[in-house]
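Read-outs throughout are calculated quantities, based only on the coordinates presented, and are distinct from any laboratory measurement. These numbers were taken from a predicted model, which means no experiment stands behind them. With ideal geometry, Cβ positions are generated from the backbone for all residues, glycine too; neighbour counts draw on all protein chains shown.
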Amino acid sequence: MTNFINILKEQIKVELEDMAGAGRLPAGLDLDRVAVDPPRDPAHGDVATNAALVLAKPAGLKPRALAEELAGRLARRAGVSAAEVAGPGFVNLRLDDPFWHARLRDILRAGPAYGDSGVGRGVVVNVEYVSANPTGPMHVGHGRGAVVGDALAALLEKAGHTVTREYYVNDAGAQVDALAWSSYFRYLEALGATISPETFAGLCPGGELQYRGEYLIPVGQELVQKYGDSLARRGEDGEWEGKAAEEWLAPLRAVAVARMMALIRDDLAALGVRHDLFTSERELVEGGAVERAVEALKARGLVYTGVLEAPKGKVPEDWEPRPQMLFRATQFGDDVDRPLQKSDGSWTYFATDIAYHHDKFRRGFKAMINVWGADHGGYVKRMQAAVKAITGGEGALDVKLCQLVSLLRGGEPVRMSKRAGTFVTLREVIDEVGRDVVRFIMLTRRNDAPLDFDLDRVMEQSRENPVFYVQYAHARCRSALRHARALFAADELSPERLAEAAPVARLTDPGELALIKHMAGWPRVVESAAEAHEPHRVAFYLYDLAAAFHGLWTRGMDDATLRFIDAADRDRTAARLALVQAVATVIASGLRIMGVTPVEEMR
RNA sequence: GCGCCCGUAGCUCAGUUGGAUAGAGCGCUGCCCUCCGGAGGCAGAGGUCAGGGGUUCGAAUCCCUUCGGGCGCGCCA
């Protein structure tokens, strides 16, 4: 257990139980509401508990009297230098220097595993993210979801969860058909046909040529290689419309989807994002998963045929009431019951999505997290309702909605238009600023807050740029350790050796102790961020840690006695190098969750 | 019309499973440094946590309500 707060919480509970045993408190008090936290204001000590406030009423005692007794007991504990009653009945604990020195050794001994937690032990969780439609390259918005999902998965792993990272491939449905048609246009082009986009669009269902990007040109070429002109001849026969199209569209669809997924996988690789599993919607549907899911719902009496009211406000033009197969979503907190079938009898996307989540549950996942774009917000309730229903209440779905990313350059919005060909892809951004920058920036805002991504600002070397600031702190640590090689052998500087041999008791400067305290808070950050499913907290923590470290470093520029390396005092230098090594360890540990490389030097 | 998200310093944002005097960066004001372990330091001003009501020993945080912004609302995924 590396979270020192938990250690103290245990001690406090022991004291409370002891007080109950001594008749000072009623037996059997509920201690769940007893909180132990570091206070915001350092003047209130290192740790505070509200135990007396929470227990006063059920115990029939005055908060301050209860607090006095608890404080008196805690003050005798090792490591506690002072226990004071403050305010309405808080007990503030001050921990002595040796306590903090021991925490520093903890960090060095644990190394990269420092901050690992057991709160998620035994919890198997599925994190689904990206799931961009295979209809083109990824854009910046997809990139945000990719980073948030990937970092969340890593965070949960650090907190002890068993995580599967999953991508849902929407390779069925109208969008993919539209992709196939658009690919057919490129196919005809590759054959040398001179048909204009407008003429061709008239032949497409809906009269629209949806995907005009050049990335489909290689798809057309591949189709020619594979099928020669055989697909075109079918067209001449006038069999483009109706069901006949369904048959000859299949190879187009298959080739196009495969190509698009290859494109997307390349983009993901460039971002350093990986998935354990790609699940195909088409395979799921063809395998009968939808029927299976609907049967499961029917068995619970949650499916019926009914007529929905027209939505208020914006009513679709062709709205008409008609009976549909509906899922009783209202029984699980949704606002209306939701259709499972379209009017032509095929399944709605919702139905296949229920099947998909049913499938996840059948694969053993009770905890599911989906990372979606904010435009899917209206879909969350029904999906959570469906998961609750189809898992008999055993499964739970959390959805993280990612708000829009606005690309800026020097404070000015980057104009993007697919039509004008000025659309900026994720890949272009990665190529310009680098993977690490993209990943870090995507985590500098809560997922549900809009994000400004300024391509100029993120390359600045200043405190305003968190990527630089955190990287620089790590690089400075490494730099100090390299300089220390003038005084120490390499193996003397290893975290293990420093943990055992460095006289860390020499660290008495308030700035040094403050840094240790900050690092001691890392396991708690991991746990709370994992519990809240909020990876951005890691970025903010690292920024604060970097600030504390830079502050100490800078003081050494004015006051030589505070510099980390002092050739005249090997012992003190070793102690400070232990501190520096620990900072590097914690920063690297946090960056690892974010998927950002901790650099050795700034260039 | 309904649902979800959001509203915190001049600006951009943290802090929300209830804790004490609400924080950071930028900007602003004043002082210091001009250093090579390069790519500053210190201090200060600045807030009705959108408004109102409620629950609580205690509310930015929970509940209700009003206002303001974003997203969504059968046969798109």
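Relative to the current alpha-carbon distance between A:Ala27 and A:Arg362, full extension at 0.36 nm per residue lengthens the span by 116.2 nm.
For segment A:137-197, a simple Cβ point-charge model (Lys and Arg +1, Asp and Glu -1, everything else neutral) yields a dipole of about 180 debye relative to the Cα centre. Per-residue Karplus couplings for segment A:513-518, computed as 6.51 cos²θ - 1.76 cosθ + 1.60 with θ equal to phi - 60°, are listed in order as 5, 4, 5, 4, 4, 4 Hz, Gly and Pro entered as x. Here the calculated FRET efficiency for A:Leu203 and A:Arg570, from their Cβ-Cβ distance with R0 = 60 Å, stands at 0.15, rounded to the nearest 0.05.
For chain A, what does the alpha-carbon gyration tensor say about shape, rounded, prolate or oblate, given a ≥ b ≥ c as the root eigenvalues, a/c under 1.5 as rounded, and a/b over b/c as prolate? Taking the square roots of the gyration eigenvalues as a ≥ b ≥ c, chain A is oblate.
The ranking of A:Trp319, A:Trp181 by Cβ neighbour count inside 10 Å, starting from the fewest, reads A:Trp319, A:Trp181. Exposure proxy shown here: for A:Cys204, A:Cys477, A:Cys402, the number of other Cβ atoms within 10 Å sets the order, fewest to most, as A:Cys204, A:Cys477, A:Cys402.
Evaluate the relative contact order of chain A (contact order divided by residue number), counting alpha-carbon pairs under 8 angstrom at least 6 apart; express in whole percent. The normalised contact order for chain A reaches 16 percent.
The stretch between A:Val14 and A:Glu531, if pulled fully straight at 0.36 nm per residue, gains 183.6 nm over its current Cα-Cα span.
Annotation: amide H of A:Tyr168 within the under-5 Å range of A:Tyr129, A:Ser131, A:Thr279, sequence separation 5 or more or interchain, hydrogens built in the peptide plane.
Taking Cα atoms only, the orientation of helix A:97-110 departs from the longest principal axis of chain A by about 40 degrees.
Considering every Cα-Cα pair within segment A:4-95, what fraction, in whole percent, is farther apart than 16 Å?
Within segment A:4-95, distances greater than 16 Å cover 47 percent of Cα pairs.
In order along segment A:367-372, the Karplus-derived 3J(HN,Hα) couplings, from 6.51 cos²θ - 1.76 cosθ + 1.60 at θ = phi - 60°, round to 9, 10, 10, 10, 9, 10 Hz, and Gly and Pro are given as x.
For the pair A:Glu600 and A:Val123, label points projected 7 Å from Cα toward Cβ lie 3.8 nm apart.
Under 5 Å between amide hydrogens, built in the peptide plane, is the criterion, and for A:Asp454 it picks out A:Leu408 among residues at least 5 positions away or on other chains. With a Förster radius of 45 Å applied to the C-beta separation of A:Asp456 and A:Lys57, the computed FRET efficiency comes to 0.20. Taking every alpha-carbon pair under 8 Å whose residues sit at least 6 apart, segment A:32-146 reaches a relative contact order of 18 percent. Counting other Cβ atoms within 10 Å as a rough exposure proxy, the listed residues A:Met261, A:Met594 run A:Met261, A:Met594 from fewest neighbours to most. FRET efficiency for A:Glu394 and A:Ala449, Cβ-Cβ distance as r, R0 = 30 Å, nearest 0.05? Using R0 = 30 Å, I get an efficiency of 0.40. For segment A:480-603, a Kirkwood hydrodynamic radius built from all Cα pairs, placed in the Stokes-Einstein relation at 10 °C and 1.306 mPa s, yields a translational diffusion coefficient of 103 µm²/s. Centroid-to-centroid, using Cα positions, segment A:154-171 and segment A:531-580 are 33 Å apart. Using a simple spin-label model with pseudo-atoms 7 Å out from Cα toward Cβ, A:Ile217 and A:Leu308 lie 4.2 nm apart.
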